[in-house]
Amino acid sequence: MTMKRLIALCRHNDMQNDAIAMLNKYLEINQVDEEAWVELCDMYLARQNFLKAQYCYEELLAANPVNYQHNVKYAEILYSQAVAT
């Protein structure tokens, strides 16, 4: 919980690079935290880094393949990635 709070503080203080690095370290330990994967994806989407956002949602879909919200967001990311190229 402390690490997630620190990540939120970094994000709030416009320290996006630090927040992304800490969130990646957090997810190495807690790979099943869906909320953290969504948060990381949001940060990558804000930077228009569609490949890394796609990876985040692939992890979410592997953990919970029947969640329709994850499926829709994953499809949107794939579509955005195709339009951007």
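Each reported figure results from applying straightforward, stated rules to the coordinates on display, with no laboratory input. Values in this document were obtained by computation on a predicted structure and should not be read as measured data. Cβ atoms come from the backbone with ideal geometry, glycine included; neighbour counts cover every protein chain shown.
For the chain, take the longest principal axis of its alpha carbons; what is the angle in degrees between that and the long axis of helix 2-12, to the nearest 10 within 0 to 90?
70 degrees
For n ≥ 4 DSSP H runs only, could you compute -39500 (n - 2.57) per run for the chain, divide by its residues and tell me the 222 nm figure to the nearest 500?
Details: 5 runs with 69 residues, N = 85.
Taken over the chain, the calculation gives -26000 deg cm²/dmol.
What is region 2-84's relative contact order, in percent, from Cα pairs under 8 angstrom and six or more apart in sequence?
Working: 60 pairs, mean separation 16.1, N = 83.
The value is 19 percent.
Report, in degrees rounded to the nearest 10, the 0 to 90 angle that the Cα long axis of helix 16-29 makes with the longest principal axis of the chain.
So the inclination is approximately 80 degrees.
Could I have the simple spin-label model distance between residue 84 and residue 58, label points 7 Å from Cα toward Cβ, reported in nm to one decimal?
1.5 nm
Which of rounded, prolate or oblate describes region 2-84 when judged by the alpha-carbon gyration tensor and an a/c cut-off of 1.5? Please list the in-between numbers first.
On the way: a/c = 2.41, a/b = 1.36, b/c = 1.78.
Oblate shape, in that a/c is at least 1.5 and b/c is the bigger or equal ratio.
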